[in-house]
Amino acid sequence: MITIDLNCDLGEGMKNDAMLMSHISSCNIACGGHYGDENSIARTLQLALKHNVKAGAHPSFEDHENFGRVFRDISRSRFRESVTQQIHLFQETAKEEGVKMHHIKMHGALYHATANREDFSDWLVELMLEFYPETILYVAPQSILEQKCQLNGIPYWKEGFADRLYDDGKLVSRTEPEALITNYQTAARQIEQMVKEQKVTSNKGIETNLCIDTICIHGDNLELTKDLTQLVAQLKSNHISIG
């Protein structure tokens with residue numbers, strides 16, 4: 001049996017957190033940028049504690065209207081202020097709930113900006129070294145950010161996505177048709193390929209190497225998450241466990 005970490009973006013107002021939490025091993029909790037406040041963070045942390053799920057902060061561009069999925073060309077100082085405020089809110093709430101912050105994962109457009117842009121990746125590396133040097137950062141594999149984490153000794157986990165199509169090892173943009181995988185059997189097959197073969201098949205049918213440490217399912221992918229029980233059962237039948 002192979003064990004893999006399965007993470008999910010939670011605390012985003014989707015009302016399915018309790019169901020999802022029983023099937024995953026780590027969660028990324030919205031902390032005010034695209035969604036969330038102290039109360040929603042606390043509720044989600046309580047669920048994580050109940051189910052023994054590792055909890056991390058999920059900062060975003062401050063953009064509730066677009067759910068943090070639109071790029072904002074902000075300054076270095078604004079980036080630092082915004083991200084540290086969001087993580088601080090998570091940390092203070094986690095402390096009150098008796099939960100340790102396991103990791104940090106950027107959300108949406110900020111995830112892609114820090115993964116692929118020199119400026120945003122530099123700013124995030126600076127923050128990690130200055131304030132969170134021992135905290136795991138979830139990163140896109142083969143990204144600029146992964147390279148900088150390696151160079152600077154920042155602990156990180158490479159993240160794959162069960163519910164997104166790939167093109168040459170990169171995620172297909174959400175603006176493209178069928179970029180999102182909503183069928184649990186298709187998602188399970190993609191997980192199995194990542195875990196067992198360290199590969200992913202692109203939307204053009206081409207296999208690409210992809211080594212990962214954790215796999216994400218988006219909590220707002222409601223068509224897929226309603227079948228998460230079946231997905232996890234299919235993985236188990238193929239000798240993959242979540243942990």
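Here, each number is a calculation from the coordinates, and none is a lab measurement. It should be emphasised that the depicted structure is a prediction, and the values quoted were computed from it without experimental measurement. Cβ atoms come from the backbone with ideal geometry, glycine included; neighbour counts cover every protein chain shown.
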Does at least one position in region 176-184 carry a residue that is touching a helix residue (DSSP H, G or I) at 6+ places or on another chain (Cβ under 9 Å), more than 25 Å from residue 70 (Cα to Cα) and of a type in the set (A, V, I, L, M)? no
If you check every pair at least six apart or on different chains, which have Cβ atoms under 6 Å apart with a residue in region 145-163 that is within 15 Å of residue 116 (Cβ to Cβ) first and a residue that is assigned to a helix (DSSP H, G or I) second? 145/114; 145/115; 145/121; 148/121; 148/125
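When you scan region 79-97, do you find a residue that is under 20 Å from residue 169 (Cβ atoms) and either touching a residue at least 60 places away in the same chain (Cβ under 8 Å) or acidic (Asp, Glu) (or both), even just one? Let's see the steps before the verdict.
Here is the first cut: in region 79-97, the residues under 20 Å from residue 169 (Cβ atoms) are none.
Looking through region 79-97, none of the residues is under 20 Å from residue 169 (Cβ atoms) and either touching a residue at least 60 places away in the same chain (Cβ under 8 Å) or acidic (Asp, Glu) (or both).
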Within region 185-221, track down each residue that is touching a residue at least 40 places away in the same chain (Cβ under 8 Å) and over 22 Å from residue 108 (Cα atoms). 185, 188, 192, 195, 196, 208, 209
Got at least one residue in region 41-49 being closer than 23 Å to residue 215 by Cβ, under 13 Å from the mean Cα position of the chain (by Cα) and of a type outside the set (S, T, N, Q)? no
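For the structure I just gave you, tell me whether residue 122 is assigned to a loop (DSSP other than H, G, I, E, B), out of contact with any Phe, Trp or Tyr (no Cβ under 8 Å at 6 or more places or on another chain) and either in contact (Cβ under 8 Å) with a residue 40 or more places away in the chain or not basic (Lys, Arg) (or both).
On the way: assigned to a loop (DSSP other than H, G, I, E, B): no; out of contact with any Phe, Trp or Tyr (no Cβ under 8 Å at 6 or more places or on another chain): yes; either in contact (Cβ under 8 Å) with a residue 40 or more places away in the chain or not basic (Lys, Arg) (or both): yes.
Answer is no for this residue.
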Could you run through region 129-153 and say how many residues are part of a loop (DSSP other than H, G, I, E, B) and either farther than 22 Å from residue 7 by Cα or among the β-branched types (Val, Ile, Thr) (or both)? 2
Whichever residue in region 172-184 is touching a residue at least 24 places away in the same chain (Cβ under 8 Å) and within 22 Å of residue 139 (Cα to Cα) and, among such residues, is surrounded by the most Cβ atoms within 10 Å (Cβ to Cβ): 181
Where residues in region 127-165 are among the aromatic types (Phe, Trp, Tyr) and over 16 Å from the mean Cα position of the chain (by Cα), which of them is surrounded by the fewest Cβ atoms within 10 Å (Cβ to Cβ)? 131
Read through the list (1) at positive phi; (2) in contact with a Gly (Cβ under 9 Å, 6 or more places away or on another chain), then give the number of the only condition that residue 98 fails. (2)
